[in-house]
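*Asks:* So that we are looking at the same thing, I have put the structure below in structure tokens.
The values are calculated or read from the model by the stated rules, or taken from the named source; none is laboratory data. Only a predicted model underlies this, so the values are computations on that prediction, with no experimental measurement involved. Heads up, the Cβs are rebuilt from the backbone with ideal geometry, glycines too, and the neighbour counts pull from every protein chain shown. Note: accessible area is taken over every heavy atom of the protein model, side chains too, but ligands, DNA and RNA are not part of it. Shrake-Rupley method; radii C 1.70, N 1.55, O 1.52, S 1.80 Å.
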Amino acid sequence: MEETISLKEIFDTLKKRVALIISITLAAVAISAIVSYFLLTPTYQSSTQLLVNQSVEEGQTYTQGDVRTNLELINTYNVIITSPRILEPVVDELQLTRSVGDLRDQINVGSQGDSQVVSISVEDTDPAMAVNIANTIAMVFQRDIVDIMNVDNVSILSAAELGENPSPVSPNPTLNMAIAFVVGLMAAVGLAFLLEFLDNTVKTEDDIEKKLGIPVLGMIATMDTSNTEVKNVSHNRRNKNGSEKFGA
């Protein structure tokens, strides 16, 4: 019985504050949409893939030890790609106005599982610039890794390409609005229960029984004053007309 009453009170609270809940939720979604579409700058991503192997002599085959060694060197290659030794020539060749540190923040380097394939992803507000940076990093690494680590067997598996209608990777307006909807709804429901908890006014006979602990013996019904005034006016008019006829 207590659980049923509790659920009913929860439902009544939500029903009473439904306008507040809907307003706050819609406001949160609207603010998220405005920020996502008009205030945040779209960011585009482009990537390229490299295959890095140690050079072998003609007719020689790769052994399992060679493959293991190459896999262990992948982390080293990842660090080299984001080092000033590679990024400084990239900045010079593309004539970028940003620093090496800023360029490093735009780059994400990783390996494809337990493979010798290195993936270079670049994010930029200009999709064409993201493509140019990714391809230039791959070419500079392929050229300079020979002097850095005596590795001359770097292949570019897939170069970055600029699509006809590139889509930004961030922001994601749909996801942002969905998150805003959930957060706004939770905040609105929490505020509704908080207002209900802070409301100490007595509105119904049930409130009297709960707060004072005494039974309600009777209640005074609410009178419709507008109808009373109309009836009084009609009654006065009838009395006036009757007195005139009586006098005549």
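*Asks:* Can you tell me which residue is modelled with the lowest pLDDT among those in segment 67-87 that are open to solvent by less than 30 Å² (accessible area, probe 1.4 Å) and assigned to a helix (DSSP H, G or I)?
*Replies:* Looking at residues that are open to solvent by less than 30 Å² (accessible area, probe 1.4 Å) and assigned to a helix (DSSP H, G or I), I get Asn70.
*Asks:* Go through segment 125-138 and give me each residue that's open to solvent by 10 Å² or more (accessible area, probe 1.4 Å) and not β-branched (Val, Ile, Thr).
*Replies:* Hits for segment 125-138 are Asp126, Pro127, Ala128, Met129, Asn132, Asn135.
*Asks:* A follow-up question, please. Within the bounds of segment 145-157, is there any residue that is in a loop (DSSP other than H, G, I, E, B) and either in contact with a helix residue (DSSP H, G or I) (Cβ under 9 Å, 6 or more places away or on another chain) or under 30 Å from Ala33 (Cβ atoms) (or both)?
*Replies:* Quick first cut of segment 145-157, residues in a loop (DSSP other than H, G, I, E, B) only: 150-152.
From what's left, either in contact with a helix residue (DSSP H, G or I) (Cβ under 9 Å, 6 or more places away or on another chain) or under 30 Å from Ala33 (Cβ atoms) (or both): 151-152.
Yes, because at least one residue in segment 145-157 is in a loop (DSSP other than H, G, I, E, B) and either in contact with a helix residue (DSSP H, G or I) (Cβ under 9 Å, 6 or more places away or on another chain) or under 30 Å from Ala33 (Cβ atoms) (or both).
*Asks:* Consider Val183 carefully, then state whether it is modelled with pLDDT of 90 or more, open to solvent by 70 Å² or more (accessible area, probe 1.4 Å) and more than 30 Å from Pro89 (Cβ to Cβ).
*Replies:* Numbers: modelled with pLDDT of 90 or more: yes; open to solvent by 70 Å² or more (accessible area, probe 1.4 Å): yes; more than 30 Å from Pro89 (Cβ to Cβ): yes.
Here the answer is yes, as Val183 does meet what is asked.
*Asks:* Moving to a separate point now. Counting only residues that are within 12 Å of Ala134 (Cα to Cα), in contact with a strand residue (DSSP E or B) (Cβ under 6 Å, 6 or more places away or on another chain) and not polar (S, T, N, Q), how many does segment 73-111 have?
*Replies:* Residues flagged as within 12 Å of Ala134 (Cα to Cα), in contact with a strand residue (DSSP E or B) (Cβ under 6 Å, 6 or more places away or on another chain) and not polar (S, T, N, Q) within segment 73-111 amount to 3.
*Asks:* Shifting gears a bit: Which condition number does Glu93 fail, the rest of (1) in contact (Cβ under 8 Å) with a residue 24 or more places away in the chain; (2) open to solvent by less than 60 Å² (accessible area, probe 1.4 Å) being met?
*Replies:* Of (1) in contact (Cβ under 8 Å) with a residue 24 or more places away in the chain; (2) open to solvent by less than 60 Å² (accessible area, probe 1.4 Å), only one is false for Glu93: (2).
*Asks:* Specify the residue that is farthest from Phe141 (Cα to Cα); the eligible residues are those in segment 158-185 that are out of contact with any helix residue (DSSP H, G or I) (no Cβ under 7 Å at 6 or more places or on another chain) and assigned to a loop (DSSP other than H, G, I, E, B).
*Replies:* Of the residues in segment 158-185, the ones out of contact with any helix residue (DSSP H, G or I) (no Cβ under 7 Å at 6 or more places or on another chain) are 158, 163-165, 167-170, 172, 174-175, 178-179, 182.
Then keep just the ones that are assigned to a loop (DSSP other than H, G, I, E, B); that gives 163-165, 167-169, 172.
On the way: Gly163: 24, Glu164: 28, Asn165: 29, Ser167: 27, Pro168: 27, Val169: 26, Asn172: 32 Å.
Across segment 158-185, the extreme among qualifying residues is Asn172.
*Asks:* Residues in segment 103-119: is at least one touching a Gly at 6+ places or on another chain (Cβ under 9 Å), open to solvent by less than 90 Å² (accessible area, probe 1.4 Å) and modelled with pLDDT under 95?
*Replies:* Restricting attention to segment 103-119, the residues satisfying the condition of being touching a Gly at 6+ places or on another chain (Cβ under 9 Å) are 118-119.
When the remaining residues are screened for being open to solvent by less than 90 Å² (accessible area, probe 1.4 Å), the result is 118-119.
Among the residues that remain, those that are also modelled with pLDDT under 95 are: 118-119.
So far as segment 103-119 goes, yes, one or more of its residues are touching a Gly at 6+ places or on another chain (Cβ under 9 Å), open to solvent by less than 90 Å² (accessible area, probe 1.4 Å) and modelled with pLDDT under 95.
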